[in-house]
Every structure is written in C-alpha cells, then in structure tokens.
Amino acid sequence: MLLTAVCLVGITGCGSAKPAGPPSPAALAHKLGCQIYDYFSDVEWSYDTAKAANLENGPCGGNSGDIVVITFPTQRLEDDWLHENALAQSAGAGNPGGAYVGYNYLAVGHLWVAGSVGNSSLSFVIRALGGRISYF
C-alpha cells in the first residue's frame, strides 16, 4: 500500500506544476471586450516586456490605442518595468514643457499592466481582469 501511494505521488508530480506564463494581449483584449489595434515595441523598456498592444473599440473606446496592455515574461521584469515607469513619471517635470513620459496610473495584474494614453478610466479593466490600480 505504501508503494502504491509513492507511485501515485510520482505520477501526479506532487504539486510541481509549472506556473502559468504571461497572458497574451489578445486574451486580455478578449476578456475586456476590446480589439487589438496594433502591437508595438516600447523602445526604451522593450527588454522587460513580452508583448504590448494598443486596444480599441468596446469599453476601450474608439480612439485607436487609447488603452495599452503590456505583458511580462517574469515577475522580476514586471517589477523592473513598474520601477522604470515610476522614474519616468517623476522625471517628467524636467522634460521640455513638463511632459511626463511614464503612465501616471496603471491597472496592474500578474505579469501584465494596462494603461491609458488618454484620460480613460481603468476601472473596467479591474472589474474584468482583477488586479489593482497603481498611481505614480
């Protein structure tokens, strides 16, 4: 009987399931009821990101690319990107005309963030995907 239990533990892997990777922008857009307008590579921060896309239609609005979703391959890279965003946002006052280069608030989930390049509310993102709003 003990041998059977050991074999069953060996077959099931005893909870060694690989953690899920990042969601795709397409999957996030679908859950939000939006469509992908285009994919982009954030030149400054692209080393952290897995994939990024501009969304449109539905709750994402009619302005092409008003809502942006960015996914990350690891939690460390998501944390690094959020730190870089905070630095970029705080440095904005030193830019010509006081233009901020980071997002002033984001919906943040596990291995993804969503931001607004306009003044769109991100509360619908939290309702659909979970996560939290972070202000910078």
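Being over 16 Å from Thr49 (Cβ atoms) and assigned to a strand (DSSP E or B) is the filter here; which residues of the stretch 109-128 pass it?
Passing the criteria: only Ser116.
Take Gly92 and decide whether it is modelled with pLDDT under 90, in a helix (DSSP H, G or I) and more than 16 Å from Leu28 (Cα to Cα).
Working: modelled with pLDDT under 90: yes; in a helix (DSSP H, G or I): yes; more than 16 Å from Leu28 (Cα to Cα): yes.
Judged against the criteria, Gly92 is a match.
Here are the criteria: (1) at pLDDT 85 or above; (2) part of a helix (DSSP H, G or I); (3) surrounded by 13 or more Cβ atoms within 10 Å (Cβ to Cβ). Tell me which single one Pro73 does not satisfy.
With respect to (1) at pLDDT 85 or above; (2) part of a helix (DSSP H, G or I); (3) surrounded by 13 or more Cβ atoms within 10 Å (Cβ to Cβ), Pro73 is out only on (2).
What pairs come up if the first residue lies in the stretch 77-88 and is touching a residue at least 12 places away in the same chain (Cβ under 8 Å) and under 15 Å from Val101 (Cβ atoms), the second is polar (S, T, N, Q) and not in a helix (DSSP H, G or I), and their beta carbons are under 8 Å apart, counting only those six or more places apart or on different chains?
Qualifying pairs under 8 Å: Trp81/Thr49; Leu82/Ser134.
Looking at the stretch 31-43, is at least one residue at pLDDT 85 or above, in a helix (DSSP H, G or I), crowded, with 17+ Cβ neighbours inside 10 Å and more than 11 Å from the chain's Cα centre (by Cα)?
Scanning the stretch 31-43, I find at least one residue that is at pLDDT 85 or above, in a helix (DSSP H, G or I), crowded, with 17+ Cβ neighbours inside 10 Å and more than 11 Å from the chain's Cα centre (by Cα), so the answer is yes.
The values are calculated or read from the model by the stated rules, or taken from the named source; none is laboratory data. Since we're looking at a predicted model, the values are computed, not measured. Counting neighbours? That spans all protein chains shown, and the Cβs are built from the backbone with ideal geometry, glycine included.
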